[in-house]
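Below is one structure, written out as structure tokens, with a few remarks after it.
The values are calculated or read from the model by the stated rules, or taken from the named source; none is laboratory data. Note that the coordinates shown come from a computational prediction; the quantities given were computed from them, not determined experimentally. Note: ideal-geometry Cβ built from the backbone for every residue, glycine included; neighbour counts use all protein chains shown.
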Amino acid sequence: MAESAGGFDGPILPVDTIKENLRAAMVMGFPVNEDEQPSFYFDSTYTYTYQDSAGNPFDWSASPATGISPGPVQVLCAYEFSAPLGRQGAHETAAGQFNPTTLVITMLDDEFESVQGFRYCTVGPSDEKWYFRFYQPAIGLGGMTVYQITCTAEEPS
């Protein structure tokens, strides 16, 4: 929430108390087993001695000078699962119709900083991967920002 807009001041809210209560509500929705809680995975990054501005090596047979493979990150968040049926949410291709499941993840600004740039996430007992698709517009809430991230599942092979 902006402090002021359109000539009006926003209400003064107890941001720390609101965050604490929202996080407590998120904990209630988490699976008991820590292995089933949301985990966010990142791509490995490599740098080469001689590379172009996009980070690609001039010599594709060259070994990377450095490489970083970050481990998964778990943060407190809320998530909503959606499994479209029939044509709702379908993707038409020359090979047929695909109906990937969707995961919308909601988190507060502090947690968002820890996962920004992730490639995919996992939740629950399956090995299903939900790949990052887009960030929804940020929402202001009493001096904090709330983020929602839309991910879609990998199609089974």
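If a residue must be of a type in the set (A, V, I, L, M), at pLDDT 90 or above and not in a helix (DSSP H, G or I), how many such residues does segment 5-64 contain? Break it down stepwise before answering.
If we filter segment 5-64 for residues that are of a type in the set (A, V, I, L, M), which is where we start, we get 5, 12-13, 15, 18, 22, 24-28, 32, 54, 62.
In the following step, the residues that additionally are at pLDDT 90 or above were identified as 22, 24-28, 32.
Pick out the ones that are also not in a helix (DSSP H, G or I) and you get 32.
Total meeting the criteria: 1.
Mind listing just one residue for me: the one in segment 34-83 that is in contact (Cβ under 8 Å) with a residue 60 or more places away in the chain and out of contact with any strand residue (DSSP E or B) (no Cβ under 7 Å at 6 or more places or on another chain) and, of those, nearest to residue 117 (Cα to Cα)?
42
How many residues does segment 114-157 hold that are surrounded by 12 or more Cβ atoms within 10 Å (Cβ to Cβ) and not in a loop (DSSP other than H, G, I, E, B)?
23
Going through 85, 108, 76, 103 one at a time, which residue ends up being modelled with pLDDT of 90 or more and over 20 Å from residue 19 (Cβ atoms)?
103
Could you tell me which residue of segment 99-113 is surrounded by the fewest Cβ atoms within 10 Å (Cβ to Cβ), considering only residues that are among the hydroxyl-bearing types (Ser, Thr, Tyr) and touching a Ser or Thr at 6+ places or on another chain (Cβ under 7 Å)?
Among those residues, the one meeting the criterion is 101.
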